[in-house]
Amino acid sequence: MKTLMTWVGRLVMALILMAGLAYGGACGYLFVVQRDKLYSLPPGVPPLPVAQVPGIKDVHLKTPDGAVLRAWYLPPRGQAPVFLFLGGKGASLGDHMGRYKRMAQKGEGFLALAYRGFSGSTGKPTEDGLFMDGLVAYDWLKKAGYAPQQIVIHGHSLGSGVATYVATQRPAKGLILEAPFTAASDVAQDIYPYVPVQWLMLDKFANRDRIGFVHMPILIVHGDRDTIVPFAQGERLYALAPQPKTFKRMAGEDHSTLTRAGVYDVYDTWLKSLD
């Protein structure tokens, strides 16, 4: 009997050790590949869509650490706003044609940025690198002659992390956060509930810690059927944001359906309310 109990004890210990090794291996794997999962770099370099958006230009911006960023630029008509558009993970410049057309039709301008590693931009993405890219893009608009009251900082999904950071560092007419998260690490924690994400994740993009330092009007827009970033995270971020602030719930909409659902009409109404 004693021999049997000893054997069972050793078996239990071996199983616990194997489970621990498997868990540690899974955590280690996620740590190694985390940036591939977070950024999901799009393949190829999309061609400039001049035929679809007349007047659009392909521009290149240099960062202080030597990266060369590609961006698409369309100047606004008159005193219409110019959007600094900061997109989400895995999205190339060419994936936002619907946005460009809507802004162009309204006479609004934009600078759509390809972060380092995206759409022909050099370098590899990191949180600090993307923050630098966002500031370089804003400063490019400033050097092009646009006053802060004409610039709208607009971030979608992952871009909400970059946009919120830029808005803490530079003045603008307003900050638009489309389908934003409280933090990229919070989204990852929901996906991997049994992994210590908050300890392991290098690039957290913690909007919840920065939104309180934004000193300009804020608009948060979120679809209540979002399958990527929970709608509740948009609500929580809004609760943390300082006044003046506005929240728009897009009923029945998912993470990337807001443009065709008319979100640019929401943006225009909000911007007019600021004048």
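Key figures
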read-out: Filter pass, residue 152 being in contact (Cβ under 8 Å) with a residue 24 or more places away in the chain and more than 24 Å from residue 261 (Cα to Cα); value: no
read-out: Set 129, 161, 145, 134: member being without any contact (Cβ under 8 Å) to a residue 60 or more places away in the chain, over 21 Å from residue 74 (Cα atoms) and of a type outside the set (D, E, K, R); value: 161
read-out: Pairs with Cβ under 7 Å, 6+ apart, first in the stretch 51-68 and within 16 Å of residue 139 (Cα to Cα), second β-branched (Val, Ile, Thr); value: 60/68; 61/136; 62/68; 63/136; 67/122; 68/122
read-out: Spans of strands (runs of 3 or more DSSP E) in the stretch 83-202 with at least 2 residues small (Gly, Ala, Ser) and closer than 30 Å to residue 51 by Cβ; value: 109-113
read-out: Candidates 102, 116, filtered to the one that is within 17 Å of residue 39 (Cα to Cα), out of contact with any strand residue (DSSP E or B) (no Cβ under 6 Å at 6 or more places or on another chain) and either open to solvent by less than 10 Å² (accessible area, probe 1.4 Å) or modelled with pLDDT of 95 or more (or both); value: 116
read-out: Residue in the stretch 199-210 that is open to solvent by less than 10 Å² (accessible area, probe 1.4 Å), charged (D, E, K, R) and in contact (Cβ under 8 Å) with a residue 60 or more places away in the chain present; value: yes
read-out: Filter result for the condition that a residue is in a helix (DSSP H, G or I), at pLDDT 75 or above and either under 30 Å from residue 136 (Cα atoms) or open to solvent by 70 Å² or more (accessible area, probe 1.4 Å) (or both), over 4, 38, 17, 11; value: 38
read-out: Some residue of the stretch 236-251 being within 19 Å of residue 187 (Cβ to Cβ), in a helix (DSSP H, G or I) and either touching a strand residue (DSSP E or B) at 6+ places or on another chain (Cβ under 8 Å) or among the polar types (S, T, N, Q) (or both); value: yes
read-out: Residue under evaluation residue 262, criteria (1) farther than 20 Å from residue 90 by Cα; (2) in contact (Cβ under 8 Å) with a residue 24 or more places away in the chain, criterion not met; value: (2)
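Conditions tested, residue by residue: (1) in contact with a Gly (Cβ under 7 Å, 6 or more places away or on another chain); (2) within 24 Å of residue 241 (Cβ to Cβ); (3) open to solvent by less than 20 Å² (accessible area, probe 1.4 Å).
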position	(1), (2), (3)
88	yes, yes, yes
91	no, no, no
96	yes, no, no
106	no, no, no
121	no, no, yes
133	no, yes, yes
149	no, yes, no
157	yes, yes, yes
166	yes, yes, yes
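The values are calculated or read from the model by the stated rules, or taken from the named source; none is laboratory data. Source: prediction; values computed, not measured. Note that each Cβ is placed from the backbone with ideal geometry, even for glycine, and that neighbours are counted across all protein chains shown. With ligands, DNA and RNA removed, areas are computed over all heavy atoms of the protein, side chains included. Shrake-Rupley method; radii C 1.70, N 1.55, O 1.52, S 1.80 Å.
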